[in-house]
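*Asks:* Quick one: the structure is below, questions incoming.
The values are calculated or read from the model by the stated rules, or taken from the named source; none is laboratory data. Keep in mind it's a predicted model, so treat the numbers as computed, not measured. Don't worry about glycine lacking a Cβ; one is built from the backbone with ideal geometry, like all the others, and counts go over all protein chains shown.
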Amino acid sequence: MKSMMVLGRTLAGFAALCVLSGSLRAEEFQIEEAPSIVAVTPAQLRPRTVIFSDRGDDKEAGLIRFEDWARERPVQKQFLSPFPGYQEPTIRVAVHGIPKSYVEKLHMYVAEARFLIAKPPETVDLTRYASLDMLEKIDPTIRHRRISAGEARPYTDPQSAHNRHPDRRWCEAPQSLCIESRYPLEGKLPIGIRLANKLEEGGKKISEFMEFQSEIRVLPPEDVDQEGLSKLTGLDTPVSGVLEQTLFDVNQVMQFGKLLAILQEHPSDKSKTVTTLFMALAVETDVLERKREFGSIPVLRNLIPAQVLMGRSSFNTGDSISAGLPDYARNRIRGLAGLLDR
């Protein structure tokens, strides 16, 4: 069942995107929903409170088409894509043995958050969070290993070549860490995968373990676009630090992911830091359109990918990735807020 493989790997991809956002001391921060975090001023922020928004345009899935995102939120598109100028990729496939090209349409899930850190910007050491030791402590269910630029799949697998950075190689930027991560699907989702494997005759079995590659780095001062990032956050105070994680290879059904944490001076209180955080995930549109295949099999009707992704299925359980993207994003952002505030 190709759709089950799509579903599982897409969820796993978002887990990779959030490996920086662990659950340590998450109870100290509360989530407060808002239509948009950009309109929330530093004066409106309260201690240990995360202002959160993940409003999309798709009423069923809570997502937005990539082309609409690029047109309506061009600054987000610039900074939350793998690199500036990124476009929906052109994929080469064989149809009845004849090579053909088509544009891979994407839908975006974007989560935004803003919160205070109770310490001045110069005391926040973001390099702590770009280390393998810290990643392993944050979430022991995800195993990581360091990889080199030569192991990055956009350069070793022609099918991933469209995710090559046009200006540099992944894993060669200063102060960067590149990792390959392994994540076992949790909760009830493995049960659905096993069931789909039994129903599929003669096809490739779906793995309950996912692998993905990403680059984590702290931006050096010369790479920090002060004006552009201020437009992104809606705050005009100096940017004191930027931490980013870019998923440049997950699998054939998700194109990329991005986590971006931007630290800025508080305009009226130098003892505090304003943090604005974005998480973006690009899901292939055909994943969301696969309803008929699942709906025709009674035992899989609750595994429609869009429903599971957005936490609207009976297979969604717990507060981790198996809960669906909205709950997972909220829990991981709470965790990251707690870590930064320590």
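*Asks:* Step by step: first the residues of region 90-101, then only those that are in contact with a strand residue (DSSP E or B) (Cβ under 9 Å, 6 or more places away or on another chain) and of a type in the set (Val, Ile, Thr), then the one that is modelled with the lowest pLDDT. Which residue is that?
*Replies:* First, pick out the residues of region 90-101 that are in contact with a strand residue (DSSP E or B) (Cβ under 9 Å, 6 or more places away or on another chain): 90-94, 99-101.
Okay, now just the ones that are also of a type in the set (Val, Ile, Thr), so 90-91, 93.
On the way: 90: 87, 91: 81, 93: 74.
Among those residues, the one meeting the criterion is 93.
*Asks:* Between residues in region 185-214 that are over 24 Å from residue 314 (Cβ atoms) and among the acidic types (Asp, Glu) and residues that are modelled with pLDDT of 70 or more and in a loop (DSSP other than H, G, I, E, B), which pairs lie under 9 Å by C-beta distance while being six or more apart or on different chains?
*Replies:* Every condition considered, the pairs that remain are 211/250.
*Asks:* Hey, among the residues in region 288-325 that are of a type in the set (Val, Ile, Thr) and buried (at least 21 other Cβ atoms within 10 Å of the Cβ), which one's modelled with the lowest pLDDT?
*Replies:* First, the residues of region 288-325 that are of a type in the set (Val, Ile, Thr): 297, 299, 304, 308, 317, 321.
In the following step, the residues that additionally are buried (at least 21 other Cβ atoms within 10 Å of the Cβ) were identified as 304, 308, 321.
Details: 304: 68, 308: 71, 321: 63.
Per the stated criteria, the residue is 321.
*Asks:* Quick check on my filter: what residues within region 133-157 are aliphatic (A, V, I, L, M) and under 30 Å from residue 272 (Cβ atoms)? It would help to see each step written out before you state the result.
*Replies:* If we filter region 133-157 for residues that are aliphatic (A, V, I, L, M), which is where we start, we get 134-135, 138, 142, 147, 149, 152.
Correct list: 134, 135, 138.
Yes/no matrix, rows are residues, columns are (1) at pLDDT 75 or above; (2) in a loop (DSSP other than H, G, I, E, B):
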site	(1), (2)
24	no, yes
39	yes, yes
58	no, yes
67	yes, no
79	yes, no
86	yes, yes
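For (1) closer than 30 Å to residue 168 by Cα; (2) free of Cβ contacts under 8 Å to residues at least 40 places away in the same chain, each residue gets a yes or a no:
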site	(1), (2)
35	no, yes
47	no, no
51	no, no
92	yes, yes
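*Asks:* Also, I was wondering about something else. Across region 254-269, what is the total count of residues that are among the charged types (D, E, K, R) and assigned to a strand (DSSP E or B)? Break it down into steps so the answer makes sense when it comes.
*Replies:* Taking region 254-269 as the starting set, the residues that turn out to be among the charged types (D, E, K, R) are 258, 265, 269.
Okay, now just the ones that are also assigned to a strand (DSSP E or B), so 258, 265.
Summing the residues that are among the charged types (D, E, K, R) and assigned to a strand (DSSP E or B) in region 254-269 gives 2.
*Asks:* Identify all residues within region 270-292 that are over 19 Å from residue 54 (Cβ atoms) and either hydroxyl-bearing (Ser, Thr, Tyr) or part of a loop (DSSP other than H, G, I, E, B) (or both); write none if there are none.
*Replies:* Within region 270-292, 270, 271, 272, 273, 289, 290, 291 qualify.
*Asks:* Moving to a separate point now. Test of understanding: among 106, 126, which residue is touching a Gly at 6+ places or on another chain (Cβ under 8 Å) and not acidic (Asp, Glu)?
*Replies:* When all the criteria are applied, what remains is 126.
*Asks:* Among the residues of region 102-142, which ones are part of a strand (DSSP E or B), modelled with pLDDT of 85 or more and either within 22 Å of residue 280 (Cα to Cα) or not hydrophobic (A, V, I, L, M, F, W, C) (or both)?
*Replies:* Here is the first cut: in region 102-142, the ones part of a strand (DSSP E or B) are 102-103, 106-117.
Restricting the remaining residues to those that are modelled with pLDDT of 85 or more gives 103, 106-117.
Those that are part of a strand (DSSP E or B), modelled with pLDDT of 85 or more and either within 22 Å of residue 280 (Cα to Cα) or not hydrophobic (A, V, I, L, M, F, W, C) (or both): 103, 106, 107, 108, 109, 110, 111, 112, 113, 114, 115, 116.
*Asks:* Within region 151-210, work out how many residues are modelled with pLDDT of 75 or more and β-branched (Val, Ile, Thr).
*Replies:* Total satisfying the criteria: 3.
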